[in-house]
Amino acid sequence: MFRSSKLFVVVLVVLVFATAAFAFAATNTVPNTYAGEGASVTSGYTVSAVVYALNGTTASNIDSVAFTLNAPAATVKVRLVTTGSYYNCTNTSGNNWSCATTAPQATVAAADELRIIATN
């Protein structure tokens, strides 16, 4: 009888620890989250009606570049020199954009590309 009482106490202790461990595990709260994967077609813009505005005093300086994109965009930047800075552009109306190129001042001599980055 002493042996069965001892076994009963051991089983009781194990059950108490198991219940306590389950109680702690059951109190965890995990917020809802999302995970996913998808694919989409990415296509480039078509640029048209490009106009370079030269400085009225120093005609070798390019003061701005204006152009039209074939689709709406939210952010547009332009670069005129391969190793140069990008200029921010402003939407003038519809899909028409204008980019001031005076800080730093773009020049005709240095301009070697028209790179436009646009995103919707």
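The values are calculated or read from the model by the stated rules, or taken from the named source; none is laboratory data. Predicted model only: the values in this text are computed from it and were never measured. Every residue, glycine as well, gets a Cβ built from its backbone with ideal geometry; the counts of neighbours run over all protein chains shown.
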- Item | Residue check, Ser98 in contact with a Ser or Thr (Cβ under 9 Å, 6 or more places away or on another chain) and at pLDDT 75 or above | yes
- Quick one: which of Thr101, Thr83, Thr68 is without any contact (Cβ under 8 Å) to a residue 24 or more places away in the chain, β-branched (Val, Ile, Thr) and at negative phi? Thr83
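Is the range 51-66 home to any residue that is within 19 Å of Asn120 (Cβ to Cβ) and not basic (Lys, Arg)?
As a first pass, look at the range 51-66 and keep what is within 19 Å of Asn120 (Cβ to Cβ): none.
No - not one qualifying residue is present in the range 51-66.
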- Message: Step by step: first the residues of the range 62-92, then only those that are assigned to a loop (DSSP other than H, G, I, E, B) and of a type in the set (A, V, I, L, M), then the one that is surrounded by the fewest Cβ atoms within 10 Å (Cβ to Cβ). Which residue is that?
- Response: Ala74
- Item | Hits in the range 50-61 - residues which are surrounded by 11 or more Cβ atoms within 10 Å (Cβ to Cβ) and hydrophobic (A, V, I, L, M, F, W, C) | Val50, Ala53, Leu54
- In the range 98-113, which residues are closer than 12 Å to Lys77 by Cβ and part of a loop (DSSP other than H, G, I, E, B)? Thr101
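In the range 103-120, what residues are of a type in the set (Ser, Thr, Tyr) and surrounded by fewer than 13 Cβ atoms within 10 Å (Cβ to Cβ)?
Thr119
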- Task: Identify, by number, the condition in (1) among the hydrophobic types (A, V, I, L, M, F, W, C); (2) loosely packed, with under 10 Cβ neighbours inside 10 Å; (3) modelled with pLDDT of 65 or more; (4) over 27 Å from the mean Cα position of the chain (by Cα) that Val11 doesn't meet.
- Result: (2)
